[in-house]
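What follows is a set of notes on a single structure, which appears directly below.
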Amino acid sequence: MNILLIGCGKMGGALLSRWVEGSDRFTIVDPGLGEAPNGVQLVTDRAALGDEMFDVAVVAIKPQMIDQVLPDYVAHIADDGYALSIAAGCSIDRLMRVLGGKPVIRVMPNLPAAIGEGVSGLVAGSGVTPAQQDHARALMALAGTVVVVDDEDKLDRVTAVAGSGPGYVFEIARAYVAAAVDLGFTLDEARALALGTMAGGVAMARKSDQSLEELRNSVTSKHGTTEAGLQALNGDDLLSRRLRDTVGTAYARAVELR
Ligand SMILES: NC(=O)C1=CN([C@@H]2O[C@H](COP(=O)(O)OP(=O)(O)OC[C@H]3O[C@@H](n4cnc5c(N)ncnc54)[C@H](OP(=O)(O)O)[C@@H]3O)[C@@H](O)[C@H]2O)C=CC1
Ligand SMILES: O=C(O)[C@@H]1CCC=N1
């Protein structure tokens, strides 16, 4: 397939770094990009595409730019082509309107796609063929796990939990490392301790049949250090409430971006 990537910033670039391992051909349009991976054509101006046609147009610009930028690309999408949007919130209806009715698949990837450890939600709009959906799914699978959802509202919920999720994870990790530094470790030591502990805990939880509560309780000796630490962390349920607020507020923002 001949694929056009419209915008190649942090998320588009992360996906492309995995996609180039597959069998598709890629062209990027991005006004600010200096270089592209080997074998990928880069243009900084749409006019340089001439009359080239693409089987897939990947929408990887900011949601706020979509109405202004996308209409120029309708002429570059083949009759049997489709658009694959990674934009948060922006609905399939809106995308189809600006793309002259071309079929649209929305996906919501996340940044660990860059290392093949992403989690993506996928929802297909009306007129998408089974072959197009299979293609999009295979493309996203090059970057990690793919979860197909039934409707767009659910994709906006995926956005709040998984799309934005690495941001929460990095912020929690940052605060954890900072706390270790405050306790007397160097930054290198603190990163090794905190990130190693997070990675080990997550890897164990993924492999275990036990619930997260059971695993937590396995660490927690009666009247011991973990019990004391957990009381400070979430004894008042503030951490739980804050995380509910976090995903709820991100979901509300996705709804605003529709
Ligand atoms: N970052 C993330 O973790 C995730 C992002 N997304 C979605 O991905 C999309 C891109 O986000 P992100 O990668 O973070 O943002 P970036 O700003 O990093 O990437 C957008 C890119 O598009 C370029 N661009 C601007 N105008 C045009 C244009 N007219 N034509 C082509 N390219 C253009 C920008 O160039 P310049 O910088 O020079 O303006 C930039 O390189 C968004 O819709 C977002 O919702 C989805 C999931 C996760
Ligand atoms: O913050 C954002 O809006 C984008 C979508 C999910 C992650 N980054």
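The values are calculated or read from the model by the stated rules, or taken from the named source; none is laboratory data. Treat the numbers as computed from the prediction; the structure is a model and nothing was measured. Positions of Cβ are backbone-derived with ideal geometry, glycine not excepted, and every protein chain shown enters the neighbour counts. The area values use the complete protein model at the heavy-atom level, side chains included, leaving out ligands, DNA and RNA. Shrake-Rupley method; radii C 1.70, N 1.55, O 1.52, S 1.80 Å.
With +1 on each Lys and Arg Cβ and -1 on each Asp and Glu Cβ, how big is the dipole of the chain about its Cα centre, in debye rounded to the nearest 20?
Taking the Cα centre of the chain as origin, the dipole is about 400 debye.
Where the accessible area of the chain is counted over protein heavy atoms with a 1.4 Å probe, how much of it, in %, is carbon and sulfur?
55 percent
Simple spin-label model, 7 Å along Cα-to-Cβ: Leu215 to Ala48 in nm?
Once both label points are built, they end up 4.7 nm from each other.
Cα-based count: Lys pairs in the chain below 23 Å, eight or more positions apart or different chains?
Values: Lys10/Lys62; Lys62/Lys102; Lys62/Lys154; Lys102/Lys154.
Taking the chain as the scope, the lysine pair count is 4.
Want the number for Thr249 to Met65: 0.36 nm per residue separation, take away the alpha-carbon distance, what's left?
Gain on stretching Thr249 to Met65: 64.0 nm.
For the range 2-154, rounded, prolate or oblate, judged on the Cα gyration tensor with a ≥ b ≥ c (square roots of eigenvalues), a/c < 1.5 rounded, else prolate if a/b > b/c?
Taking the square roots of the gyration eigenvalues as a ≥ b ≥ c, the range 2-154 is rounded.
Just grab the label-to-label distance for Ala228 and Arg25, each label 7 Å out from Cα along the Cβ direction, in nm (one decimal).
6.6 nm
Using helices alone, what [θ] at 222 nm do you get for the chain, with -39,500 (n - 2.57) per DSSP H run of 4 or more residues, divided over all residues and rounded to the nearest 500?
Computed ellipticity for the chain at 222 nm equals -14000 deg cm²/dmol.
Among 6-17, 203-214, what's the highest-first ranking by average C-beta atoms within 10 angstrom per residue?
Per-residue mean Cβ counts within 10 Å order the peptides as 6-17, 203-214.
With the other protein chains left in place, how much accessible area per residue, in square angstrom, belongs to the chain at a 1.4 angstrom probe?
55 Å²
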